[in-house]
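Okay, so here's the structure we're looking at.
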Amino acid sequence: MSACNDFVVRFANVNGTGSASANYLFAKSIFRMGIPVSPKNIFPSNIQGLPTWYEVRVSEKGYLGRREGVDLCVSVNPQSMKQDVQCVKPGGYFVYDNTKPLADELVRPDITYIGIPLMETCNREYTDARQRQLFKNVMYVGALSALLEIEFSVLEDLLREQFAGKEKLIAPNVKALQLGIDFIHQNVPYPLPFRVERRDLVGNSILTDGNSACGLGAVYGGATVVAWYPITPSTSVAEAFHSYADELRIDADGRSNYAIVQAEDELAAIGMVIGATWNGSRSFTATSGPGVSLMNEFLGLAYFAEIPVVLIDVQRTGPSTGMPTRTQQSDITLAAYASHGDTKHVLLFPSTPTECFDMTADSFDLAERLQTPIMIMSDLDLGMNDHMCEPFHWDDARTHDRGKIYTAEHLEKITRYGRYLDTDGDGIPYRTIPGAHPTKGSYVVRGTSRDEHAVYTEDSAAYKRNMDRLTKKWETAKTLVHAPQRYQEKYVSKLGVLFFGTSTQSAEEALDLLREKGHVLDALRLRSFPFHHAVSDFVASHETVFVIEQNRDGQMRGLLITELNVDPHRFISVLNYDGMPITADTIMQQILSHLPN
Amino acid sequence: MSFVRPQFRHPHLPKNELGYTTREYEGSLSTLCAGCGHDSIGAAIVQACFEMNIEPHQVAKLSGIGCSSKTPAYFLGNSHGFNTVHGRMPSVATGANMANRDLIYLGVSGDGDTASIGMGQFVHAVRRNLNMTYIVMNNGCYGLTKGQDSATADMGSKSKAGSVNPFEAIDLCGLALELGASFVAQSFSGDKQQLIPLIKAAMHHHGFAFLNVISPCVTFNNNVGSTKSYDYVRQHVQATATMDFVPPATEITTSYAEGADANVTMHDGSLLHLHKLAQGWDPSDRMSAIEALQRSRMEGKVLTGLVYYDDKGKDLHDVLNTSARPLNSIPMTELCPGSAKLREINAGLQ
Ligand SMILES: Cc1ncc(C[n+]2csc(CCOP(=O)(O)OP(=O)(O)O)c2C)c(N)n1
Ligand code: SF4
Ligand SMILES: [Mg+2]
């Protein structure tokens with residue numbers, strides 16, 4: 001098991017004991033040493049007391065998906081210790097607090113135990129109860145840095161940055177690190193067979209989470225009205241928007257250039273977004289599956305009345321309350337056809353925080369261009385975990401596309417304004433903003449049928465004309481949404497692989513693993529719905545297409561079958577739906593099971 | 001079918017200060033039943049806006065679903081309107097108001113739309129003191145779905161089909177008061193004299209102005225035994241006061257009697273003059289308002305007029321400390337922090 005920069009470390013903590021910042025310190029220090037890392041929180045739906053894990057994969061090859069099998073487990077939670085011992089791979093290491101002796105039943109012959117007197121040392125060295133707790137965490141990071149050869153100066157720098165402005169806290173933190181290091185140096189053979197070694201593999205990458213990126217993207221996208229209702233794992237989107245806006249969106253007189261309303265529920269949240277965008281602001285809401293379920297009626301209104309909406313859906317494990325702190329890609333069907341009647345919605349599938357930023361900013365343009373809801377389909381893994389990704393980019397020459405709006409000036413030149421006239425033949429009509437003109441351009445927005453001039457009508461022909469225009473608009477959407485990512489210039493196989501969102505990292509790794517076994521498959525990463533023409537082309541060009549996704553029913557596969565009108569037998573589902581991020585290994589095994597040996 | 005009002009204009013219609021006749025404040029032809037109370041309220045809105053010299057395009061009118069919620073199509077045709085979904089007008093009004101604080105927001109709803117399906121949103125709009133006028137056209141039944149009892153139907157009230165409502169009614173004015181509403185009034189669709197000044201005052205109020213208007217449904221709930229019928233309301237009405245609305249900076253020409261009268265100066269300098277005050281009631285005293293409402297209810301009376309008024313409250317914009325400029329008017333170039341700032345943010349994440 002001797003490996004440099006290629007292992008998985010898992011931390012087992014008790015929720016609410018301040019372990020998060022110590023664990024982050026560990027992951028970030030490896031990132032700072034130029035080595036790709038991917039940390040993942042596995043946490044309970046609880047505020048304090050239940051077990052929580054933090055898993056860090058270190059990968060020289062830059063594989064950022066989750067990997068099964070733990071090489072080293074740091075367990076400071078007696079409650080989960082039995083389970084933690086079991087998760088270690090044979091030949092791996094188990095680090096624990098030996099202030100109390102290890103129960104016999106926890107001893108496995110095939111792994112190495114490293115006991116560190118964390119509690120004893122911290123009780124001796126610190127007097128304050130909270131500090132004793134917190135520094136136990138920092139002390140095990142120190143111990144790991146000795147075992148894995150993490151550079152001390154990197155850790156020290158990170159602590160300095162973390163406590164900038166609270167310098168008094170630096171020394172005791174550094175001391176805790178040192179206590180861990182000293183203990184290893186004096187008592188344990190080090191380094192371990194697997195360790196880290198400085199590299200130059202992360203370039204100018206950043207390490208951040210998808211929710212912060214969405215919040216920031218909304219600031220850049222020009223959102224001014226945010227309405228939301230708290231729900232894991234989406235809450236930090238609104239919070240991130242708030243904290244960025246608090247810095248970047250304040251008028252000279254100290255007043256805010258944004259309004260955030262914590263709504264009474266998701267029905268109200270989406271209603272507020274609709275009211276704000278109708279009235280000419282850019283606005284969004286962030287929620288998760290249960291919220292999208294509640295928003296259905298309003299989403300239908302926005303589709304039919306043609307109101308721009310940006311909705312960030314950070315998916316979690318359903319159905320119902322499901323596993324609220326676990327990940328899934330299981331709102332696909334719900335989101336695509338949300339609401340009664342013939343409704344369809346534009347979906348975007350980001351796979352990295354960078355793309356969360358870009359797609360959120362873009363979605364405001366798309367929503368106004370298409371005058372319809374745009375849903376960004378993130379998930380818990382993407383939203384709440386840190387991911388190594390490209391730095392954010394903004395082109396200052398970029399202008400925000402407000403879509404088709406008639407201003408007072410335009411209205412002056414028109415004899416009779418028709419809100420739902422297809423003036424340009426692309427299915428997208430012109431809207432007006434309330435208050436624009438004293439006598440022209442007003443109409444009543446409604447969810448009931450109306451004619452081209454927004455006058456209520458139950459005339460079948462007028463209703464049908466309108467529905468057909470909406471279909472035309474849908475066709476236009478295909479030319480405006482994000483094109484899929486291609487992995488090859490020319491197709492080389494009869495087998496294709498489709499994936500999207502957070503299945504991407506593991507899918508890419510699986511493709512490499514399959515190639516090593518002699519199976520070269522073509523691949524395409526979906527980035528949007530309606531499906532771009534390049535998707536139909538990919539499907540048409542392959543006999544069999546594997547669709548990788550994280551839900552039970554193969555929801556994206558279903559969408560492909562329905563929307564592309566393809567023989568279902570040509571699609572094979574590759575699934576994971578246990579609430580944990582999909583791994584490359586499971587993808588490879590499932591695909592292999594369908595290939596001739 | 002679509003209805004458009006005939007273009008004929010009476011040559012001698014009076015004009016207001018903006019040069020508009022009432023026609024500029026009307027909407028398309030109503031499709032409600034002849035005699036429906038809702039149409040009278042719509043007409044009162046037209047008259048109030050005409051008399052107040054409001055630029056029609058400065059009003060945004062919103063509603064939920066129901067016969068009552070259809071009325072925005074029948075008044076203020078030069079105003080933008082939003083006929084939302086059932087019970088959810090308050091949230092759309094909230095978002096709209098956040099986007100542009102400069103428009104006047106006029107929401108109309110029904111008793112079903114507000115007191116049942118929309119109760120949650122109503123309650124929270126009151127609580128946030130959203131700067132809007134909220135009119136409930138209250139007929140004690142679901143008109144559009146053919147006359148079922150609503151949550152405001154009085155206990156013991158008899159439907160046209162003869163069934164007696166066994167449940168307590170929700171008193172929307174009492175509820176609004178309880179929730180801290182800053183303007184609470186009640187009126188009757190058949191009493192233009194009172195309704196028009198109340199609508200004016202509500203639209204001038206800074207904050208949430210709630211106006212519950214008893215509005216008989218002639219088709220389903222105007223029978224003997226119904227407490228929301230024209231006859232019942234006419235016989236049981238009890239006014240808090242008669243009132244005049246005096247717009248801001250207008251010379252007060254009438255001389256009002258001392259003692260029995262009260263003047264209420266509003267946020268923007270307009271004046272509500274109340275005379276013939278009911279005994280033991282003071283519009284600025286929440287306790288006396290609650291008591292007056294409760295007492296009239298016990299006595300089977302319908303208390304109308306201004307029930308409570310307070311202009312010191314902060315509206316949602318004040319609370320959120322939003323820009324004085326409408327948020328929808330701030331140029332994108334100003335809203336987007338630009339690439340240099342983004343590089344700084346990147347550096348913090350490396
Ligand atoms: C979600 C939903 N449920 C039910 C309906 C059917 N519906 C339409 S109007 C209405 C009741 C309206 O009553 P009210 O608000 O009192 O208005 P009125 O017609 O009496 O003026 C109902 C239940 C609907 N449109 N939407
Ligand atoms: S049914 Fe009743 S509420 Fe509806 S329009 Fe007729 S009278 Fe008015
Ligand atoms: Mg009603």
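Please report the carbon-and-sulfur percent of the accessible area for chain A; probe 1.4 Å, protein heavy atoms only, DNA, RNA and ligands left out.
In chain A, the share of accessible area belonging to carbon and sulfur is 50 percent.
Short version: ³J(HN,Hα) in whole Hz for each residue of segment A:317-327, in order, from phi by Karplus 6.51 cos²θ - 1.76 cosθ + 1.60 (θ = phi - 60°), x for Gly and Pro, what are they?
With the stated coefficients, segment A:317-327 comes to 6, x, x, 6, 6, x, 10, x, 10, 10, 9 Hz.
Using alpha-carbon pairs under 8 Å, 6+ residues apart, how would you state the relative contact order of segment B:133-177 in percent?
Relative CO of segment B:133-177 lands at 26 percent.
So how much slack lies between A:Glu151 and A:Arg255, counting 0.36 nm per residue of separation and subtracting their Cα-Cα distance, in nm?
Value of the extension gain: 32.9 nm.
By the scheme Lys and Arg +1, Asp and Glu -1, what is the net charge of all other residues having a beta-carbon under 10 Å from that of A:Ala584?
-3
Sticking with the crude label model, points 7 Å out along Cα→Cβ, report the distance from B:Gln294 to A:Asp578 in nm, one decimal please.
About 6.2 nm, to one decimal.
List the residues, sorted by chain then number, that are 5 or more residues from A:Asn15 or on another chain and whose placed amide H is less than 5 Å from its amide H.
A:Gly49, A:Leu50, A:Thr52
Per 0.36 nm of contour for each residue apart, how much would the distance between A:Asp265 and A:Gln79 grow if the chain were fully extended, relative to their Cα-Cα spacing?
Separation in residues times 0.36 nm, less the Cα-Cα distance, equals 63.4 nm.
For the protein assembly as shown, what does -39500 (n - 2.57) per DSSP helix run (n ≥ 4), summed and divided by total residues, give at 222 nm, in deg cm²/dmol to the nearest 500?
Here the helix-only value at 222 nm equals -10500 deg cm²/dmol.
Placing +1 at every Lys and Arg Cβ and -1 at every Asp and Glu Cβ, with all other atoms neutral, what dipole size does chain B have around its Cα centre, in debye to the nearest 20?
So the dipole magnitude of chain B works out to roughly 940 debye.
What residues have an amide H closer than 5 Å to that of A:Val310, excluding those fewer than 5 places away on the same chain, when H is modeled at 1.01 Å from N in the peptide plane?
Long-range HN contacts for A:Val310: A:Ser283, A:Thr285, A:Ile374.
Need one number: buried accessible surface between chains A and B, 1.4 Å probe, both sides summed, DNA, RNA and ligands left out, in Å² to 100.
5300 Å²
For segment A:410-418, just list the computed ³J(HN,Hα) in residue order, Karplus coefficients 6.51, -1.76 and 1.60, θ = phi - 60°, integers in Hz, with x standing in for Gly and Pro.
4, 4, 4, 8, 9, 6, 9, 6, x
Over chain B, calculate the relative contact order: mean separation of alpha carbon pairs under 8 Å at least 6 apart, over the residue count, as a percent.
In percent, rounded to a whole number, it is 15.
Taking R0 as 45 Å, what FRET efficiency do you get between B:Asn223 and A:Thr423 from their Cβ-Cβ distance, rounded to the nearest 0.05?
0.30
Just to make sure I understand: if all protein chains stay in place, what is the order of A:Lys473, B:Lys341 by accessible area at 1.4 Å, largest first?
Solvent-accessible surface, decreasing: B:Lys341, A:Lys473.
Using a basic spin-label model with each label point 7 Å from the Cα along Cα→Cβ, how many nm lie between B:Lys15 and A:Asp459?
3.5 nm
Between A:Ser21 and A:Ala483, what's the calculated FRET efficiency when r is the beta-carbon distance and R0 is 35 Å? Round to 0.05.
That pair, A:Ser21 with A:Ala483, gives E of 0.30.
Write down the accessible area per residue of the protein assembly as shown in Å², having rolled a 1.4 Å probe over the full set of protein chains.
38 Å²
Once you charge only the Cβ atoms, +1 for Lys and Arg and -1 for Asp and Glu, what is the size of the charge dipole of segment A:485-592 about its Cα centre, to the nearest 20 debye?
The dipole magnitude comes to about 160 debye.
What residues qualify as long-range amide H neighbours of A:Gln315, i.e. H under 5 Å apart, gap of 5 or more or another chain, H built at 1.01 Å from N?
A:Ser378, A:Asp379, A:Leu380
At a Förster radius of 35 Å, what calculated FRET efficiency corresponds to the Cβ-Cβ distance of A:Asp468 and B:Arg23, to the nearest 0.05?
0.45
Identify which of B:Ile54, B:Ile199, B:Ile214 has the largest mean-square fluctuation in a Gaussian network model of chain B, with springs joining Cα atoms closer than 10 Å.
Comparing B:Ile54, B:Ile199, B:Ile214 in the GNM, the peak value goes to B:Ile54.
When the label point is put 7 Å from the Cα of A:Ser449 along its Cα-to-beta-carbon vector, which residues of segment B:54-77 have a backbone N closer than 18 Å?
none
For A:Met323, A:Met588, give the ranking by accessible area with the largest first, probe 1.4 Å.
A:Met323, A:Met588
From a point 7 Å beyond the Cα of A:Leu50 in the direction of its Cβ, which residues of segment A:1-20 have a backbone N at a distance under 17 Å?
A:12-18
Along the Cα→Cβ direction, 7 angstrom out, place labels at A:Asp200 and B:Ala34. What is the inter-label distance in nm?
Each label point lies 7 Å from its Cα, and together they span 9.0 nm.
Which stretch or stretches of segment A:209-229 have amide N atoms under 19 Å from the point lying 7 Å from B:Asn321's Cα along the Cα→Cβ direction?
So the set is A:224-226.
Output wanted: per-residue J couplings in Hz (rounded whole) for segment B:192-199, from phi through Karplus 6.51 cos²θ - 1.76 cosθ + 1.60, θ = phi - 60°, x for Gly and Pro.
4, 3, 8, 5, 4, x, 5, 5
Take every residue in peptide A:378-391, count the Cβ atoms of other chains within 10 Å of its Cβ, and give the average of those counts.
Mean number of neighbouring Cβ atoms from other chains: 1.
Please check segment B:98-126 for residues whose accessible area, probe 1.4 Å, is lower by 20 Å² or more when all protein chains are in place than in their chain alone.
B:Met98, B:Ala99, B:Leu103, B:Gln121, B:His124
Over chain A, calculate the relative contact order: mean separation of alpha carbon pairs under 8 Å at least 6 apart, over the residue count, as a percent.
Relative contact order here is 12 percent.
Pick out, in residue order, every one of the trypsin sites (Lys or Arg not before Pro) in segment A:155-255 that is DSSP loop and has at most 12 other C-beta atoms within 10 Å; say none if there are none.
Here the sparse-neighbourhood loop sites are A:Lys166.
The values are calculated or read from the model by the stated rules, or taken from the named source; none is laboratory data. All values derive from a computational prediction rather than experimental measurement. Neighbour counts run over all protein chains shown; Cβ positions are idealised from the backbone, glycine included. Surface areas here come from the heavy atoms of the whole protein model, side chains and all, with no ligands, DNA or RNA. Shrake-Rupley method; radii C 1.70, N 1.55, O 1.52, S 1.80 Å.
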